[in-house]
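Taking it in order: structure first as structure tokens, then the write-up.
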Amino acid sequence: MSNFIHFGIAEKMYREEQNRITELFQIKYPIIQGGMIWHSGWRLASAVSNSGGLGLIGSASMYPDILRENIRKCKAATDKPFGVNIALLYPNLEEIINIILEEGVKIFFTSAGNPKTYTETLQKEGIKVAHVVSSTKFAMKCEDAGVDAIVAEGFEAGGHNGRDETTTMVLIPNVKQHISKPLIAAGGIALGSQMKAAMTLGADGVQIGSRFAATEEASSHIDWKNKITQLSEGDTHLTLKELAPVRLVKNKFFYDLEKLYETGRNAEALKETLGRARAKRGMFEGDLEEGELEIGQVSALIKEILPVETVFQNLLKEFKQAGYTDF
């Protein structure tokens with residue numbers, strides 16, 4: 001069966017019954033691309049949106065003028081909905097939000113901060129707000145804050161993460177029991193069968209990061225993309241809990257951090273070793289030894305760099321083969 005027929009089947013499924021995520025964001029498939037730093041520029045976001053999902057521009061690795069440029073290029077590359085991911089603890093937050101408002105973006109995914117701070121203000125501007133959490137406690141706070149959707153991310157995920165190390169398999173059904181808002185599962189999802197599992201556990205949709213990191217359209221360095229396809233189980237680890245927990249590839253930089261733990265958990269020493277621009281050095285500039293390399297455990301299942309369109313074709317094919325057809 002051709003990929004085009006697979007797309008036809010999925011589109012028929014979409015027409016028959018939209019779910020809460022597709023209705024909320026006006027997209028074909030309940031698939032959101034994570035707003036990953038140094039990966040999620042306008043090319044990736046527009047390609048995901050053009051494929052029927054929701055593309056997100058990752059603002060955390062962009063200066064304000066670069067963010068504005070990416071938003072404008074994304075608008076030129078797609079007429080489909082897309083959004084911007086914002087870390088609420090980052091500097092220049094007011095300036096970043098004003099740029100996004102000025103450019104007319106209508107979907108915000110927020111993280112790393114209090115969802116009450118901006119949700120109501122943004123919603124008055126006609127913006128849909130989703131917030132990323134790593135625990136049921138914070139999911140309930142999101143519900144109280146009135147967000148439009150909640151992303152619950154298990155600790156399998158790459159990048160910054162929760163301290164409790166709660167897996168997606170445990171987190172999603174627990175969050176589902178305590179909230180009524182649309183729920184998006186994240187962490188450890190790269191296959192259509194994993195998407196089925198998340199939705200069976202109660203999620204309305206999924207957010208996928210690592211699989212989209214290893215795509216042709218991702219803005220990260222080709223050496224880093226190739227490295228992702230070579231990773232195996234156990235090649236990543238959650239560390240830096242004293243500062244902000246992050247899942248990293250075990251490279252020289254990672255082991256330099258680990259050596260500091262042998263002499264005690266000194267946050268200042270960790271900051272000094274971390275330095276500035278380590279993530280850019282690793283993922284954007286391709287320094288695979290001294291750079292910070294953020295990726296999820298599911299990287300062990302990613303064996304090739306693909307175009308976004310092919311990633312979607314595979315996801316939908318696997319999703320159907322897993323026997324779940326009610327979105």
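Some observations on this one:
- Checklist (1) open to solvent by 60 Å² or more (accessible area, probe 1.4 Å); (2) under 22 Å from PHE25 (Cα atoms); (3) touching a Leu at 6+ places or on another chain (Cβ under 7 Å); (4) of a type outside the set (A, V, I, L, M) applied to GLU165, failing item: (2)
- Hits in the range 236-266 - residues which are in a loop (DSSP other than H, G, I, E, B) and either at pLDDT below 95 or surrounded by 18 or more Cβ atoms within 10 Å (Cβ to Cβ) (or both): LEU240, LYS241, GLU242, LEU243, ALA244, PRO245, ASN251, THR263, GLY264, ARG265, ASN266
- When the range 163-187 is filtered for residues that are in a helix (DSSP H, G or I) and touching a strand residue (DSSP E or B) at 6+ places or on another chain (Cβ under 9 Å), the ones remaining, listed by number, are THR168, LEU171, ILE172, ASN174, VAL175, LYS176.
- Meets criteria (modelled with pLDDT of 95 or more, open to solvent by 20 Å² or more (accessible area, probe 1.4 Å) and farther than 21 Å from GLY209 by Cα) for GLU23: yes
- Residue count for the range 127-146, restricted to those that are loosely packed, with under 13 Cβ neighbours inside 10 Å and within 21 Å of the chain's Cα centre (by Cα): 1
- Matching residues in the range 193-235 - criterion: being outside any strand (DSSP E or B), β-branched (Val, Ile, Thr) and crowded, with 23+ Cβ neighbours inside 10 Å: ILE228
- Single residue of the range 147-156 satisfying the filter (open to solvent by 10 Å² or more (accessible area, probe 1.4 Å) and touching a strand residue (DSSP E or B) at 6+ places or on another chain (Cβ under 7 Å)) that is nearest to THR236 (Cα to Cα): PHE155
- Qualifying positions in the range 136-150 - more than 23 Å from GLU94 (Cβ to Cβ) and in contact (Cβ under 8 Å) with a residue 40 or more places away in the chain: THR136, ALA139, ALA149
- Count of residues meeting criterion [out of contact with any Lys or Arg (no Cβ under 8 Å at 6 or more places or on another chain), touching a residue at least 60 places away in the same chain (Cβ under 8 Å) and hydrophobic (A, V, I, L, M, F, W, C)] in the range 38-84: 3
The values are calculated or read from the model by the stated rules, or taken from the named source; none is laboratory data. Values in this document were obtained by computation on a predicted structure and should not be read as measured data. Positions of Cβ are generated from backbone atoms using ideal geometry, with glycine treated the same way; all protein chains shown enter the neighbour counts. Surface areas here come from the heavy atoms of the whole protein model, side chains and all, with no ligands, DNA or RNA. Shrake-Rupley method; radii C 1.70, N 1.55, O 1.52, S 1.80 Å.
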